[in-house]
Amino acid sequence: MSSPAPESNPSGAEVLLTGTVVAVQANYYQVQLDLPAPENGNTIPPSPTLLCTRRARLKKMGQQVMVGDRVVVEEPDWAGGRGAISQVLPRESELDRPPVANANQILLVFALEEPPLDTHQLSRFLVKAETTGLKICLCLNKSDLISPEQLQQWKERLAGWGYEPVCISVEADIALDELYTQLNEKITIVSGPSGVGKSSLINYLIPDINLRVGEVSGKLNRGRHTTRHVELFKLPAGGLLADTPGFNQPDLDCEPEDLALYFPEVQQRLAEGRCQFNDCLHADEPNCAVRGDWERYEHYLEFLAEAVILHDSLQQQADAESNMKMKSKRAGEQQYEPKLESKKYRRSSRRFQTQNIEDLHGDIEEV
Ligand code: GDP
Ligand code: ZN
């Protein structure tokens, strides 16, 4: 079909048609346009989304298109609801798993009761979420099940961790407006264990979505909900929400020396004082500014031990592989095989943004 004349603004400059990719399937991209489609008789689809292909030029350049990407769309075919993505605008953030571009924050949902709030599990989820470098919005649901005094105690306790939770009840309609304003105009990834009320909350936020409450898995993208699949849902008042499957115990796969970055309490202590050693892991080193009597120090040490074990096993694997390569390269030749220093932790080269929170969600089978 012939392409319609580009729209112009009053100054005569061409107006680009821009939008956000809300779903990716095979080589098709569902793009939600920033503005409603121009009024044009009955040919306009009711919702301003177009099913788009990717221009061959982008494909040649190796330019991937992810959910959350801001894109320029050309040749809109309003009647057919089709278009072509000609440009991907620079990303502000990029998560690997789930694959989402430009996410602004993680909405971590836990329940205060039923199931009772497990601080150890919450701590794990928080640390995992912190590795993404995104803002964390901690939301505690089912506040209808505890007393105001208990609620206050939780708030104070979590303030000590460096978090200010929004305490809501989906069922009793408590503080939902407060939460809603935090999601406005943002791309938010919802996360949290099963049973805490995530589906109930998403149903409230996006009434059209109709999630089945009380189901163990499935959630938003029933039938194709794998950890690699993600879809953004539009909030009626603006903003987009990505749901992710529930999980129980996320793996922490950060470098031991990075762990401190993911505890606000550690950062606070490091801002106030200095450890004697620059590479202090805050475990048993002398003159450490972090070690001490704070609630989650125990969690810190536990996660640190896990990170060290993981680091060492990855290091051993890498050493074994490089030895194998060296051996096969110079088969038969006598050679010196250096023993690699395993105590010195290499700094992770991955940027925060490219770290993933998939482990938050475990391996979800296709349902
Ligand atoms: P999900 O697994 O995190 O998606 O949780 P669901 O939305 O399926 O909810 C699990 C259970 O918690 C359901 O029985 C809900 O009715 C219940 N529930 C959700 N929100 C609240 C709440 O604010 N208060 C109470 N008392 N129960 C809730
Ligand atoms: Zn220290």
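The values are calculated or read from the model by the stated rules, or taken from the named source; none is laboratory data. Since the structure is predicted, the reported quantities are computational estimates derived from the model, not experimental observations. Cβ coordinates were reconstructed from backbone atoms using ideal geometry, including for glycine residues, and neighbour counts include every protein chain displayed. SASA here: full protein model, heavy atoms, side chains in, ligands and nucleic acids out. Shrake-Rupley method; radii C 1.70, N 1.55, O 1.52, S 1.80 Å.
How many residues does the stretch 123-144 hold that are surrounded by 16 or more Cβ atoms within 10 Å (Cβ to Cβ) and within 14 Å of ligand 1 (Cβ to nearest atom)? Matching residues across the stretch 123-144 total 6. For Val100, the conditions (1) modelled with pLDDT under 95; (2) farther than 27 Å from Leu176 by Cα; (3) open to solvent by less than 40 Å² (accessible area, probe 1.4 Å) are fulfilled apart from (2). All but one of (1) closer than 30 Å to Ala23 by Cβ; (2) surrounded by fewer than 23 Cβ atoms within 10 Å (Cβ to Cβ); (3) touching a residue at least 12 places away in the same chain (Cβ under 8 Å) hold for Glu114; which doesn't? Every condition holds for Glu114 apart from (1). Met66 passes every criterion in (1) in contact with an Asp or Glu (Cβ under 9 Å, 6 or more places away or on another chain); (2) under 26 Å from Phe303 (Cβ atoms) apart from (2).
Across the stretch 282-307, which residue is nearest to ligand 2 (Cβ to nearest atom) among those that are assigned to a loop (DSSP other than H, G, I, E, B), within 20 Å of Leu252 (Cα to Cα) and open to solvent by 20 Å² or more (accessible area, probe 1.4 Å)? Full working, then the answer.
Kept after step one, since they are assigned to a loop (DSSP other than H, G, I, E, B), are these residues of the stretch 282-307: 282-296.
In the following step, the residues that additionally are within 20 Å of Leu252 (Cα to Cα) were identified as 282-283, 295-296.
Those left that are additionally open to solvent by 20 Å² or more (accessible area, probe 1.4 Å): 283, 295.
Values: Ala283: 8, Glu295: 17 Å.
Result: Ala283.
Residues in the stretch 163-201 that are in contact with a helix residue (DSSP H, G or I) (Cβ under 9 Å, 6 or more places away or on another chain) and surrounded by fewer than 15 Cβ atoms within 10 Å (Cβ to Cβ): Glu164, Glu171, Ala172, Asp173. Inspection of the stretch 208-216 identifies no residue that is in contact (Cβ under 8 Å) with a residue 40 or more places away in the chain and on the phi < 0 side of the Ramachandran plot.
Can you confirm whether the stretch 153-163 contains a residue that is within 26 Å of Glu94 (Cα to Cα) and away from ligand 2 (no atom under 16 Å from the Cβ)? Talk me through it step by step, then tell me what you get.
Quick first cut of the stretch 153-163, residues within 26 Å of Glu94 (Cα to Cα) only: 162-163.
Now restrict to residues that are away from ligand 2 (no atom under 16 Å from the Cβ): 162-163.
The answer is yes; a qualifying residue exists.
Can you say whether Gln276 is surrounded by fewer than 14 Cβ atoms within 10 Å (Cβ to Cβ), modelled with pLDDT of 95 or more and outside any helix (DSSP H, G or I), as far as the supplied structure shows? Give the steps one after another, and end with the answer.
Numbers: surrounded by fewer than 14 Cβ atoms within 10 Å (Cβ to Cβ): yes; modelled with pLDDT of 95 or more: yes; outside any helix (DSSP H, G or I): yes.
Yes.
When each of Gly246, Gly223, Gly214 is tested for being modelled with pLDDT under 95 and either under 21 Å from the mean Cα position of the chain (by Cα) or open to solvent by less than 10 Å² (accessible area, probe 1.4 Å) (or both), the lone residue that passes is Gly246. Selection of first residues in the stretch 47-75 that are more than 20 Å from Pro99 (Cβ to Cβ) and in contact (Cβ under 8 Å) with a residue 12 or more places away in the chain and of second residues that are open to solvent by less than 40 Å² (accessible area, probe 1.4 Å) and assigned to a loop (DSSP other than H, G, I, E, B), restricted to Cβ pairs under 8 Å at least 6 apart or on distinct chains, gives the following pairs, ordered by first then second residue: Pro48/Ala37; Leu50/Gly81.
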